[in-house]
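The values are calculated or read from the model by the stated rules, or taken from the named source; none is laboratory data. Since this is a predicted model, take the numbers as computed values, not measurements. For neighbour counting, all protein chains shown are included, and Cβ atoms are generated from backbone atoms with ideal geometry for every residue, glycine included. Side chains included, ligands, DNA and RNA excluded: accessible areas come from the protein's heavy atoms. Shrake-Rupley method; radii C 1.70, N 1.55, O 1.52, S 1.80 Å.
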Amino acid sequence: MSSVVITAAPTGPIATKADNPNLPTSPEEIAAAATAAYDAGAAVVHVHLRDADERPTADLGIARSAMDLIREQSPILIQLSTGVGLDVPFAEREKLVELRPRMATLNPCSMSFANGEFRNPPMDVRRLAARMQELGVKAELEVYDMGHIPVCLSLFEEGLLVEPLQFSIVMGVKGGMAATIDNLTHAARMLPPNAIWQVIAIGRANLDLTAVAIAMGGNARTGMEDTLYLRKGELAPSNEVLISRLANVCRALDRPIASVAETEQVLGLGPDPALA
Ligand code: KMH
Ligand code: ZN
């Protein structure tokens, strides 16, 4: 079986330290979480930034400082979230790719997102996809519902995405598809045969559905963006514990864990655009 790329998602767009005091929010805390995740087996870190009041931000200074700290501490591949947070305008979110991370998320569609709105207008998405391609920043396509998959395939047909296509099947967001095995197998069947994919299972389904996806041949992601709890009633003491548990699931299923070099190869990442 092929190796599993483990992505750590230490900080999301919504929870704060009031929800879990172990949530990393400053650039220093995010970098420390990324390094610990690398040591536990992660090859990629998916990064959301927060301002001094813990609000999601696309501030380029904060993002640059987190990226510099992460790079100083380990070779983990940096994937910036261009989702950022529901109240941050698309025009600010898209600027993050100018920092030339190795990867960035591309959210193809607008949707209701819990009690908020996640705005990804079609022409803005196209402009961002084109800019990412220009900069050599690999897109991770975040699909929250079945209908988002053909939208991504259209972007590919328009020449706005480079193969291999890399998908995250996001499950359990209120407004997107529910976190069920039926939905996962259905979504996975809709992907092109050579696509690379992982599940992002939000909340209590995190461990179960991620384990199913690993058994199906997918990659894996976890972290406090996806679940604040280790199990029912027990807050995650760190991101590292979530990553270590997932690495153990991979080992138990006899799927080797991908190194950074293997991940670069599998995802077809070109040279680090930040060094160009
Ligand atoms: N927060 C997740 C529901 C992004 O950051 O661009 C999806 C996500 C997307 O990680
Ligand atoms: Zn995210």
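Looking only at the range 99-114, decide whether some residue is open to solvent by 40 Å² or more (accessible area, probe 1.4 Å) and either within 15 Å of ligand 2 (Cβ to nearest atom) or on the phi > 0 side of the Ramachandran plot (or both). Outline the logic, then answer.
Filtering the range 99-114 for residues open to solvent by 40 Å² or more (accessible area, probe 1.4 Å) gives 100, 110, 112, 114.
Retained after the next criterion (residues that are either within 15 Å of ligand 2 (Cβ to nearest atom) or on the phi > 0 side of the Ramachandran plot (or both)): 100, 114.
Among the residues of the range 99-114, at least one is open to solvent by 40 Å² or more (accessible area, probe 1.4 Å) and either within 15 Å of ligand 2 (Cβ to nearest atom) or on the phi > 0 side of the Ramachandran plot (or both), which makes the answer yes.
Mind checking which residues of the range 120-130 are out of contact with any Leu (no Cβ under 8 Å at 6 or more places or on another chain) and crowded, with 16+ Cβ neighbours inside 10 Å?
Within the range 120-130, N120, D124 meet the criteria.
Could you please find all residues in the range 28-47 being open to solvent by less than 20 Å² (accessible area, probe 1.4 Å) and outside any strand (DSSP E or B)? Explain how you work it out, then say what you get.
From the range 28-47, those open to solvent by less than 20 Å² (accessible area, probe 1.4 Å) are 30-31, 33-34, 37, 40-47; that's our starting set.
The answer is I30, A31, A33, A34, A37, A40, G41, A42, A43.
I need every pair where a residue in the range 199-226 that is without any contact (Cβ under 8 Å) to a residue 60 or more places away in the chain and more than 16 Å from ligand 1 (Cβ to nearest atom) has its Cβ under 7 Å from the Cβ of a residue that is part of a helix (DSSP H, G or I) and open to solvent by 10 Å² or more (accessible area, probe 1.4 Å), sequence separation at least 6 or different chains.
Within 7 Å, the pairs are A211/V249; V212/I181; M216/A188.
With the condition kept exactly as written, say whether any residue in the range 65-73 is within 15 Å of ligand 1 (Cβ to nearest atom) and either touching a residue at least 24 places away in the same chain (Cβ under 8 Å) or more than 17 Å from the chain's Cα centre (by Cα) (or both).
So in the range 65-73, the residues within 15 Å of ligand 1 (Cβ to nearest atom) come out as 66.
Narrowing the set further to residues that are either touching a residue at least 24 places away in the same chain (Cβ under 8 Å) or more than 17 Å from the chain's Cα centre (by Cα) (or both) leaves 66.
Within the range 65-73, one or more residues are within 15 Å of ligand 1 (Cβ to nearest atom) and either touching a residue at least 24 places away in the same chain (Cβ under 8 Å) or more than 17 Å from the chain's Cα centre (by Cα) (or both).
Could you go through the range 48-70 and let me know if any residue there is hydroxyl-bearing (S, T, Y), out of contact with any Lys or Arg (no Cβ under 8 Å at 6 or more places or on another chain) and open to solvent by 40 Å² or more (accessible area, probe 1.4 Å).
Our first condition is that a residue be hydroxyl-bearing (S, T, Y); within the range 48-70, this holds for 57, 65.
If we keep only those that are out of contact with any Lys or Arg (no Cβ under 8 Å at 6 or more places or on another chain) as well, we get 65.
This time we only want the ones that are open to solvent by 40 Å² or more (accessible area, probe 1.4 Å), so: 65.
Yes, that holds for at least one residue.
Name the strands (runs of 3 or more DSSP E) wholly inside the range 157-250 in which the number of residues that are under 21 Å from P24 (Cβ atoms) and open to solvent by 30 Å² or more (accessible area, probe 1.4 Å) is 1 or more. Give the derivation first.
Numbers: elements: 166-171, 196-201, 219-222, 229-231.
Result: 229-231.
List the residue pairs whose Cβ atoms are under 6 Å apart, where the first residue sits in the range 164-184 and is at pLDDT 95 or above, the second is of a type in the set (D, E, K, R) and part of a strand (DSSP E or B), and the two are 6 or more positions apart or on different chains.
Q166/E140; S168/E140; S168/E142; V170/E142
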